[in-house]
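Enquirer: Sharing a structure, written as structure tokens. Questions coming.
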Amino acid sequence: YAYTAELTGLEDQHKGDLLVHDELANDSFYVEIKKDTIIGKTGNVFVELEIQRGSGTAQGWYHYDYTNLAVVDATPANSRQKSKPIYFIDFYKMKSELALDDKRCKRYQYRNEVGNKCTALLVPIRYIIARGWLKETFYYNADDWKQAQDDAKRKEDKT
């Protein structure tokens, strides 16, 4: 489709995002990539609203200025499901139309791996589709994802 993409470096303002070049339109845009381990179990996209740390409360990534969002279903693969979805969401449109008190979504609180209390909104994929916020669904092989994670970890360990 005349798109090329590259991951941004971790020192960049858009660290870990995907910089996509649209060769036909001669345009570029960033895609925020979120690995979601809840989506495969619940059918909901996890949208981080705020984080409470010992030093105070910070806004979650919901409040950042992203145009597009790619949500990777990172639930563990099983023998029946080797192909896993990547949901490409028009985040700008979703944010402008989604009420944070929408009854079709559920507020969710949890403690992350470092003990911070996080508040999130679980937005059903079915709702995202019905509202027209889903641009595209791509599929990847779960074994390829595991290999990419292992390669990234090895690279990180060397630095």
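Enquirer: Rule-of-thumb check for region 16-135: C-alpha Rg over 2.2 N^0.38 Å?
Expert: 1.13
Enquirer: For region 99-110, what does the Karplus curve 6.51 cos²θ - 1.76 cosθ + 1.60, with θ = phi - 60°, yield as ³J(HN,Hα) per residue in whole Hz, taken in order and with x for Gly and Pro?
Expert: 3J(HN,Hα) across region 99-110, in whole Hz: 7, 5, 9, 4, 5, 7, 10, 10, 6, 9, 10, 7.
Enquirer: With a probe of 1.4 Å, find how much accessible area region 84-147 has per residue, and write the answer as a whole number in Å².
Expert: Accessible area per residue, region 84-147: 63 Å².
Enquirer: Treating each Cα of region 48-109 as an identical point scatterer and ignoring solvent, apply the Debye formula and state log10 I(q)/I(0) at q = 0.12, 0.28 Å⁻¹.
Expert: At q = 0.12, 0.28 Å⁻¹ the computed log10 ratios are -0.46, -1.20.
Enquirer: Still on this structure, please answer the following. For Leu19 and Phe138 in the same chain, what is the full-extension length gain: residue separation times 0.36 nm, less their Cα-Cα distance, in nm?
Expert: Roughly 41.1 nm would be gained on extension.
The values are calculated or read from the model by the stated rules, or taken from the named source; none is laboratory data. Here the structure is a predicted model, which is why all the values come from computation and not from measurement. Note: areas computed on protein heavy atoms with side chains; ligands, DNA, RNA excluded. Shrake-Rupley method; radii C 1.70, N 1.55, O 1.52, S 1.80 Å.
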